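Heads up: the structure comes next, in structure tokens.
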Amino acid sequence: MRGTLVLAVLTIKSSYARNVEIALEQRNDVPDTLQWWFGDSACWRIRTYALDHDIHTFQIGDSRNTNLTLATANNLKHFGDVFREQHVVKFANCTDRDELNRQFVRIGLIPRMEISAGRFAFWKPDDANYWTQSTPKN
């Protein structure tokens, strides 16, 4: 599956459902993330919450106004105070283990991608199972 991942690793661990946000205390603490997946047919915004392994996904669709510049600027605007790092990773095929390993070695992260076939792919900051457990307020 081809696509581009904008991956922001944050300096917090939180729970959306419990309305809790805690600063990371140790280097090996699992962080929250904010991600954008630009695939062949749509763009997705993906937010992971480390404390309960919750995930919120939002399909943006094939908007011509949504691009890498907008995604990275949006991340900085809304989460700049809790940013640890941000990466842009382009995949010819994120299901190819060799490519996945090369790309994540390049940015210094463990290659843990979860793929929702035909929709999006996202990076998992740990080996836990992430699933939607809460509903974002509008």
task = Along Cα→Cβ, 7 Å out, is where each label goes; now give me the distance between the ones at residue 68 and residue 19 in nm to one decimal.
result = 3.9 nm
ask   = Under a 5 Å amide H to amide H cut-off, with H placed in plane at 1.01 Å, what residues pair with residue 96 once short-range neighbours are removed?
value = none
Two-site FRET efficiency, residue 41 against residue 88, from Cβ-Cβ distance with R₀ of 25 Å, rounded to 0.05 = 0.80
inquiry  = Suppose R0 equals 30 Å. What FRET efficiency, 1/(1 + (r/R0)^6) with r the Cβ-Cβ distance, do residue 28 and residue 137 give to the nearest 0.05?
reply    = 0.45
query = Placing +1 at every Lys and Arg Cβ and -1 at every Asp and Glu Cβ, with all other atoms neutral, what dipole size does the range 3-123 have around its Cα centre, in debye to the nearest 20?
reply = 200 debye
inquiry  = Projecting each Cα onto the charge dipole of the range 1-125 (Lys/Arg +1, Asp/Glu -1 at the beta carbon, about the Cα centre), which of 17, 50, 6 comes out farthest on the positive side?
reply    = 6
note = So residue 126 and residue 78, fully extended at 0.36 nm per residue minus their Cα-Cα distance, gain in nm 14.9 nm
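The numbers here are math on the coordinates, done by the rules we state, and not lab data. Since the structure is predicted, the reported quantities are computational estimates derived from the model, not experimental observations. Neighbour counts run over all protein chains shown; Cβ positions are idealised from the backbone, glycine included.
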